[in-house]
Amino acid sequence: MIVLSTSTDSLSCNTSNGTGGAYDVDIAAFYIDRVTSTGVVGAAARQLSNKATAATTDIVNETGDADKQRNVKSFNIRNAHATAVVDILVQIDAAGTMYELHKATLLAGESLCYIENVGFFKLCDTTRLERSIVLVGDVPLTNVTPTFANITTLSCPVKAGIVYGVLACIHHISSGTLVGCQIGYNIADAPTASRFSTIDTVTASATASAHSAGSVTARDTALSAQTTGSAAVTMGIIAGYIQPSADGLFAMRACVDQAGTLTIKAGSWLRVFRQTG
């Protein structure tokens, strides 16, 4: 919690823009007062403000009453400007002496938040996605030849027009030596641009086979074009980029080249991160 324990304590925010230009920061803070002599807790209250120029001003004002303590429950500081980058410094102002609590840089559309019993955290614009996902359990894919199926949980939403880098590590095992693993990707609409390549299969002896379709750009196209399987766990490494043409779900997919079971093993992972846009 953040307690303003004396009549001259306040919670302040310093906003600044390194480029010196205009910006637009909206602040909403929520608090409750308690009368120290009686223990009576007052109704919840709020304080709203907006910053357009560099300044140090109160997020939550002082009580001005020696018999009151102010408990800051939560606040949200949002950079509402379309392009400006803003530095935020949250401080306790104890009768003119500043004590720093937290500092953050907010890109356009981002927010710095505080919630009692949670603490400080930043909310990012969805276009600034950087997502890492790990498969926590095995995913068996049975008789999905030659149709690709999503690898459960190895997916995330992406935004139109943004270029994302993609890196995945897929551990897999086949039900038979003739059941080959094929790995691909899918997205709801054909992307504006994409290119993916793979190294597969990497074994415990650190050798890599030539089971690769080279570089592909199309959805549901085999990146790892195996025609043989392995009873031992092997690994495929997939790397590339994608620029979606529409908002949608990006997903890693797999299938087998003939009837059988392909199991994607726990510990496989996917990382998707914004490159441009």
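The values are calculated or read from the model by the stated rules, or taken from the named source; none is laboratory data. From a predicted model like this one, the values you see are computed outputs, not experimental measurements. All Cβ positions, even for glycine, are placed from backbone atoms using ideal geometry, and neighbour counts span all protein chains on display.
Just give me the residues in the range 248-258 being over 13 Å from residue 148 (Cα atoms) and out of contact with any Asp or Glu (no Cβ under 9 Å at 6 or more places or on another chain), in sequence order.
If the condition is that a residue be over 13 Å from residue 148 (Cα atoms) and out of contact with any Asp or Glu (no Cβ under 9 Å at 6 or more places or on another chain), then 249, 250 are the ones that fit.
Return the total of residues in the range 55-92 being in a strand (DSSP E or B) and not charged (D, E, K, R).
Total satisfying the criteria: 19.
Can you tell me which residues in the range 42-60 are modelled with pLDDT of 95 or more and either among the charged types (D, E, K, R) or more than 30 Å from the chain's Cα centre (by Cα) (or both)?
45, 46
Give the residue, chosen from 224, 205, 230, that is under 31 Å from the mean Cα position of the chain (by Cα), modelled with pLDDT under 80 and not in a strand (DSSP E or B).
224
Please specify each residue of the range 44-54 satisfying the condition of being closer than 16 Å to residue 80 by Cβ and outside any loop (DSSP other than H, G, I, E, B).
Within the range 44-54, 48, 49, 50, 51 qualify.
Taking the criterion of being surrounded by fewer than 16 Cβ atoms within 10 Å (Cβ to Cβ), of a type in the set (Ser, Thr, Tyr) and modelled with pLDDT of 90 or more, would at least one residue in the range 181-193 satisfy it?
Yes, some residue in the range 181-193 is surrounded by fewer than 16 Cβ atoms within 10 Å (Cβ to Cβ), of a type in the set (Ser, Thr, Tyr) and modelled with pLDDT of 90 or more.
Find the residue count for the range 259-272, including only residues that are in contact with an Asp or Glu (Cβ under 8 Å, 6 or more places away or on another chain), in a strand (DSSP E or B) and aliphatic (A, V, I, L, M).
Matching residues across the range 259-272 total 2.
Of everything in the range 155-165, what is within 14 Å of the chain's Cα centre (by Cα), buried (at least 16 other Cβ atoms within 10 Å of the Cβ) and not hydroxyl-bearing (Ser, Thr, Tyr)? Give them in sequence order.
156, 158, 159
When you look at residue 6, is it assigned to a loop (DSSP other than H, G, I, E, B), in contact (Cβ under 8 Å) with a residue 24 or more places away in the chain and either buried (at least 17 other Cβ atoms within 10 Å of the Cβ) or of a type in the set (Gly, Ala, Ser) (or both), yes or no?
In short, no.
Of everything in the range 256-277 that's closer than 14 Å to residue 138 by Cα, aliphatic (A, V, I, L, M) and surrounded by 16 or more Cβ atoms within 10 Å (Cβ to Cβ), which residue is farthest from the chain's Cα centre (by Cα)?
262
If only one of 80, 84, 94 is out of contact with any strand residue (DSSP E or B) (no Cβ under 7 Å at 6 or more places or on another chain) and either more than 19 Å from residue 22 (Cα to Cα) or assigned by TED's automatic domain parsing to the domain that holds residue 25 (or both), which one is it?
Every option except 84 fails the conditions.
Filter the range 242-255 down to residues that are in contact with a Pro (Cβ under 8 Å, 6 or more places away or on another chain), crowded, with 23+ Cβ neighbours inside 10 Å and assigned to a strand (DSSP E or B), then give me how many there are.
Total meeting the criteria: 2.
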